[in-house]
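See below for the structure under consideration.
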Amino acid sequence: MKGILVIIDGMGDLPCKQLGDKTPLESAEMPNLDFLATRSEIGYMYPVKPGFIPESDEAIVSIFGNDLISSTRGQLEAIGAGIKLTRGDLALRANFATIDSYKKGNVIDRRAGRTLTNVEAGILAKALNKITLPCKFVFEPTIQHRGVLVFRGGFSDNILGNDLTYIQGKFSDVNRLGFCKALDDEENSQYTVNVLNEFLEKAYGVLDKHPINEERRRRGLLPANCLFVRGAGIESPKLKLYKKWISTSYMPLEKGFSEVSGMKNFSFDYPKLKSFDAYENLWEGLKKACKFSIKILKKNSKKADYSYVHIKETDTPGHDNKPFEKKMMLEYIDKILFSFLRKFAPKNKIKVVVTADHSTPCKLKIHSSDPVPVLFYNNSIPKAKKFNEKEARKGSFGSMKGRELLENVGFLK
């Protein structure tokens, strides 16, 4: 193996008062990553371009040298969820969410409090799939509050979903439920949003009074009574192929991206959320992800040229304004994954790149346009002492855009 790319989701941050005006990465004790930093070139990266606030799919697609129009979030997540698509099928990423009522449309929580168990999501999905529409469709729950919605047939994807938080690559502080809108005057686009809005209104009717949500209210939990959808796509993704790569991806988006990019993906069944404690579930997933990645790297060190390792859990505390939780997750990743890489990479003369797909500052609770730090371990002459946002700004590796990263570190050879 020549190189390993580690993407720590949402790792980039801004100084937090709770951490003494340090970022979680600056505050975290990460001796193994710092060891690599002393033998690395350090810089910073705009995952897409300066001033652009990327969603996760846009960042990953760009980092691997693709144009943003090459794929959509809905298509990649549907493929990652194991749904077979044909051209014209409309695929969208979906969230279970909580609103006060469909008429008022005030958003209480975009993720139903992060307490929706796998069992509950499965039961609600069965009810949703019984809705009558003038077309065939499938709703598939994935992990926690997430899901995928696919309409079968010849639809348009030149539409906006009803999640107003995400508007054409920009994030908006809108706390109201929107309606799907056509982005052109074509008849098919209008038909598509009419059917989609009909489904979403019927979905609210099914979900709001469902026994699962009545029981959740009784227990003081937020009802999962609404669906947010975004990332519409009908065309098969056209991404650059990385056939000499393997990946260890376990979330639908990254799994779908790896598959479409021609990588051999190794995955595991994500732990089921059973107890309404999202962070207990996230920690279980994080521990499994780190240990699983190590296992795959060991087994394939002679079989692949490069490896893409994606760790997802660190993004969530950024969205929830939990800097201590994010700091502790980073320290765990250092203790397990980077402790392994500290020994594994030098011994096998493997280059290592560590970065993030985007910044998720805790105080903002959303993605931001801030650049992310980049570490390129190549056993170089010591120049840096630590790896964090502040040091990255001063690093010798300089600034780059996402699509320049793999070329800059020589991972395309």
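The values are calculated or read from the model by the stated rules, or taken from the named source; none is laboratory data. Values in this document were obtained by computation on a predicted structure and should not be read as measured data. When we count neighbours, we look across all protein chains shown, and the Cβ atoms used for this are built from the backbone with ideal geometry, even at glycine.
Points to keep in mind about this one:
- From 65, 122, 82, residue being surrounded by fewer than 22 Cβ atoms within 10 Å (Cβ to Cβ), modelled with pLDDT of 95 or more and either touching a Pro at 6+ places or on another chain (Cβ under 6 Å) or in a helix (DSSP H, G or I) (or both): 122
- Unique match (being in contact with an Asp or Glu (Cβ under 9 Å, 6 or more places away or on another chain) and part of a loop (DSSP other than H, G, I, E, B)) among 286, 282, 273: 273
- Residues of segment 357-397 satisfying the condition of being within 22 Å of residue 17 (Cβ to Cβ) and either hydrophobic (A, V, I, L, M, F, W, C) or not in a loop (DSSP other than H, G, I, E, B) (or both): 359, 362, 364, 366, 368, 372, 373, 389, 390, 391, 392, 393
- From 313, 325, 235, residue being in contact (Cβ under 8 Å) with a residue 40 or more places away in the chain, more than 30 Å from residue 19 (Cα to Cα) and of a type in the set (D, E, K, R): 235
- Hits in segment 85-117 - residues which are of a type in the set (Gly, Ala, Ser) and either closer than 20 Å to residue 56 by Cα or assigned to a loop (DSSP other than H, G, I, E, B) (or both): 88, 91, 94, 97, 101, 105
Rundown of residues vs (1) closer than 23 Å to residue 178 by Cα; (2) in contact with a helix residue (DSSP H, G or I) (Cβ under 8 Å, 6 or more places away or on another chain); (3) in the same structural domain as residue 203 (by TED's automatic domain parsing), yes/no style:
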residue	(1), (2), (3)
91	yes, yes, yes
97	yes, yes, yes
109	yes, no, yes
118	no, no, yes
133	yes, yes, yes
138	yes, no, yes
146	yes, yes, yes
153	no, no, yes
159	yes, yes, yes
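- Single match in 275, 261 (criterion: in the same structural domain as residue 362 (by TED's automatic domain parsing), modelled with pLDDT under 95 and among the polar types (S, T, N, Q)): 275
- When residue 243 is tested against (1) in contact (Cβ under 8 Å) with a residue 60 or more places away in the chain; (2) in a loop (DSSP other than H, G, I, E, B), exactly one condition is not met: (1).
- Whichever residue in segment 125-150 is of a type in the set (A, V, I, L, M) and part of a strand (DSSP E or B) and, among such residues, is farthest from residue 75 (Cα to Cα): 138
- If you go through segment 2-38 and pick out every residue that is surrounded by 20 or more Cβ atoms within 10 Å (Cβ to Cβ), out of contact with any Asp or Glu (no Cβ under 6 Å at 6 or more places or on another chain) and assigned to a loop (DSSP other than H, G, I, E, B), you end up with 1.
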